[in-house]
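A short write-up of the structure that comes next.
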Ligand code: GUN
């Protein structure tokens, strides 16, 4: 069997076009566009690239973009004050503070300060708790994008065996909650899991989010399973440019899976598309 490649780029474009239509309708009704504020602290090059693409996508969707780029000497109290100002700003529907933050700033404190109705990352405990208890929540963008791709590929997920590898608050835990919400039978595996190969080999759905290049080998995959690879790892190459690979050994896994996301071009574009969606959803909920 050779797996089909799940085209996250095309799916992301489709979601963003739908959001752009929704943005025009919102603006007609509310007399202002939805607004997203991004906050970047420091000079981490990868974070700077991500935040720039988020700001560009916001403008392309017709939303107001408020970019705050702060030096890495910014104090925790200065950052908390900025978040408080954004909480109070009526033009701002979504607040995204790019992680990781410099080590002198307590990420937990910053996340807890974001007004939950503007928490388009879905990282605030209020949103995590609402997701876990089945209430309307703002849901983290990456797992939301993974679920979108899974449902587009498989339709009903009810009763399917799903393994989520990774237990982060950003991906693993919310991914497991979303799959449970779709009535899948969910296992969360992580760095201490014994015999990961055996756990993976039982799964109809594998979501890999561990950040270890090509850790999941192709022969672990049950024939016909669907594989979502959240990993983005840069391997060194002779020309110094590096090569992006996922957490799954793609060339091996295509021989076993029914469908698989490539890296790049799989989950990545969906994360930004879902951020746009979350900002529109937040704007609607806040406007009432
Ligand atoms: N850093 C890596 N992924 C993310 C994300 O989805 N949101 C934020 N705010 N920071 C991140």
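The values are calculated or read from the model by the stated rules, or taken from the named source; none is laboratory data. Since this is a predicted model, take the numbers as computed values, not measurements. So basically every Cβ, Gly included, is an ideal-geometry build from the backbone, and we count neighbours across all protein chains shown.
Checking each residue in region 120-144 for being within 10 Å of the ligand (Cβ to nearest atom) and either part of a loop (DSSP other than H, G, I, E, B) or modelled with pLDDT under 95 (or both) picks out 120, 121, 122, 123, 140.
The set of residues from region 100-116 being surrounded by fewer than 22 Cβ atoms within 10 Å (Cβ to Cβ), in contact (Cβ under 8 Å) with a residue 12 or more places away in the chain and within 16 Å of residue 168 (Cβ to Cβ) comprises 100, 111.
In the list 59, 14, 30, which residue meets the criterion of being more than 16 Å from the ligand (Cβ to nearest atom), within 27 Å of residue 71 (Cα to Cα) and surrounded by fewer than 20 Cβ atoms within 10 Å (Cβ to Cβ)? Break it down stepwise before answering.
Details: 14 fails: within 27 Å of residue 71 (Cα to Cα); 30 fails: within 27 Å of residue 71 (Cα to Cα).
Checking each option against the conditions leaves just 59.
Based on what the data block shows, is residue 214 part of a loop (DSSP other than H, G, I, E, B), assigned by TED's automatic domain parsing to the domain that holds residue 256 and either out of contact with any helix residue (DSSP H, G or I) (no Cβ under 8 Å at 6 or more places or on another chain) or over 20 Å from residue 271 (Cβ atoms) (or both)? So residue 214 fits the description; yes. Residues that are on the phi > 0 side of the Ramachandran plot and surrounded by fewer than 17 Cβ atoms within 10 Å (Cβ to Cβ) within region 166-216 comprise 183, 195, 211, listed in sequence order. Among the residues of region 241-288, those that are out of contact with any strand residue (DSSP E or B) (no Cβ under 7 Å at 6 or more places or on another chain), outside any helix (DSSP H, G or I) and touching a residue at least 60 places away in the same chain (Cβ under 8 Å) comprise 255, 256, 265.
Counting only helices (runs of 4 or more DSSP H) that sit completely within region 5-118, those holding 1 or more residues that are farther than 25 Å from residue 283 by Cβ and more than 20 Å from the chain's Cα centre (by Cα) correspond to 76-88, 107-113.
Taking the stated definitions as given, is residue 219 over 23 Å from the mean Cα position of the chain (by Cα), surrounded by fewer than 22 Cβ atoms within 10 Å (Cβ to Cβ), touching a residue at least 12 places away in the same chain (Cβ under 8 Å) and not in a loop (DSSP other than H, G, I, E, B)? Lay out the reasoning, then the answer.
Numbers: over 23 Å from the mean Cα position of the chain (by Cα): yes; surrounded by fewer than 22 Cβ atoms within 10 Å (Cβ to Cβ): yes; touching a residue at least 12 places away in the same chain (Cβ under 8 Å): yes; not in a loop (DSSP other than H, G, I, E, B): yes.
Yes: the conditions hold for residue 219.
Restricting region 117-134 to residues that are free of Cβ contacts under 8 Å to residues at least 40 places away in the same chain and surrounded by fewer than 20 Cβ atoms within 10 Å (Cβ to Cβ), the residue that is nearest to residue 70 (Cα to Cα) is 125.
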